[in-house]
Amino acid sequence: MRDPVPDTLLRTPVDVAQFRSLMTTHPAGVAVVTTTDPDGRPWGMTCSSICSVALEPPTLLVCLRAESPTLAALLRVSAFAVNLLHDRAEPAASLFASSVADRFERVAWVREPESGVPHLTEDAHTIADCRVRDTLSVGDHMVVFGEVFGVVSPAVRSSSPLLYGMRRYWSLAVNPGSGGDGE
């Protein structure tokens, strides 16, 4: 019997459409990663590629498009916030996923006092403040490992997380096939 591992290593990866289709079946929490550039200009982008990495030291990771101006700013200042969005924050998720230039003029936010990174006070149920611990380039994305040095929970109406999967936003309170909007 042949060893299956070497044959597997030689196989061609699935195409982008197949991979995207696979990943849409796995709902994930939605966040907006925010930072500033060295001049203090705020930057941010929607991100659902987030996970915990370690407890000691407390570390999470986010995966950002390598060509993103948000990533470029984040790497220059080595600080960022992960704004975990609540289920009424779909407009903010869509805004920060778009190419709209004045996105910070369209949402409520404040600067974290020490790092200056933006906190989305009306749209996030929890915010993690991070410093860049390490990075790893993978394909067209950069994995950024963030050591968490602060966690805040703004006073918001809902603490249920906003989720994205099956090509739509939804919350834990709604069946993803029901067509509901989380309310």
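Kindly evaluate residue 40 against the criterion of being surrounded by fewer than 20 Cβ atoms within 10 Å (Cβ to Cβ) and at positive phi.
It is true that residue 40 is surrounded by fewer than 20 Cβ atoms within 10 Å (Cβ to Cβ) and at positive phi.
Do you know which residues across region 75-101 are closer than 30 Å to residue 137 by Cβ and either among the basic types (Lys, Arg) or out of contact with any strand residue (DSSP E or B) (no Cβ under 9 Å at 6 or more places or on another chain) (or both)?
Selection gives 76, 99, 100, 101.
So which residues in region 133-158 are closer than 25 Å to residue 114 by Cβ, among the small types (Gly, Ala, Ser) and modelled with pLDDT under 95?
153, 155
Taking the stated definitions as given, is residue 101 without any contact (Cβ under 8 Å) to a residue 12 or more places away in the chain, over 19 Å from residue 63 (Cα atoms) and not basic (Lys, Arg)?
Numbers: without any contact (Cβ under 8 Å) to a residue 12 or more places away in the chain: yes; over 19 Å from residue 63 (Cα atoms): yes; not basic (Lys, Arg): yes.
Here the answer is yes, as residue 101 does meet what is asked.
How about region 92-109: which of its residues are more than 15 Å from the chain's Cα centre (by Cα) and either open to solvent by 40 Å² or more (accessible area, probe 1.4 Å) or aliphatic (A, V, I, L, M) (or both)?
99, 100, 101, 102, 105, 106, 107, 108, 109
Only residues that are under 13 Å from the mean Cα position of the chain (by Cα), over 11 Å from residue 82 (Cα atoms) and surrounded by 19 or more Cβ atoms within 10 Å (Cβ to Cβ): list them for region 110-152, please.
142, 144
Looking at (1) in contact with a helix residue (DSSP H, G or I) (Cβ under 8 Å, 6 or more places away or on another chain); (2) of a type in the set (A, V, I, L, M); (3) assigned to a helix (DSSP H, G or I), find the lone condition where residue 162 falls short.
(3)
Yes or no: region 7-26 includes at least one residue that is outside any strand (DSSP E or B), open to solvent by 90 Å² or more (accessible area, probe 1.4 Å) and within 16 Å of residue 133 (Cα to Cα).
no
Considering each of 25, 70, 12 in turn, give the residue that is at negative phi and within 16 Å of the chain's Cα centre (by Cα).
70
What do you reckon, is residue 70 surrounded by fewer than 18 Cβ atoms within 10 Å (Cβ to Cβ) and not aliphatic (A, V, I, L, M)? Please lay out each step first, then the result.
Numbers: surrounded by fewer than 18 Cβ atoms within 10 Å (Cβ to Cβ): no; not aliphatic (A, V, I, L, M): yes.
Here the answer is no, as residue 70 does not meet what is asked.
Among the candidates 2, 65, 88, single out the residue that is modelled with pLDDT of 95 or more and open to solvent by 50 Å² or more (accessible area, probe 1.4 Å).
Details: 2 fails: modelled with pLDDT of 95 or more; 88 fails: modelled with pLDDT of 95 or more.
Only one candidate passes the filter, namely 65.
Within region 78-88, is even one residue more than 30 Å from residue 173 (Cβ to Cβ) and among the charged types (D, E, K, R)?
No - not one qualifying residue is present in region 78-88.
The values are calculated or read from the model by the stated rules, or taken from the named source; none is laboratory data. Quick caveat: nothing in here was measured; it's all calculated off a predicted structure. Because the Cβ atoms are built from the backbone with ideal geometry, glycine has one as well, and the counts that use them run over all protein chains shown. Only protein heavy atoms, including side chains, enter the accessible area calculation; ligands, DNA and RNA are left aside. Shrake-Rupley method; radii C 1.70, N 1.55, O 1.52, S 1.80 Å.
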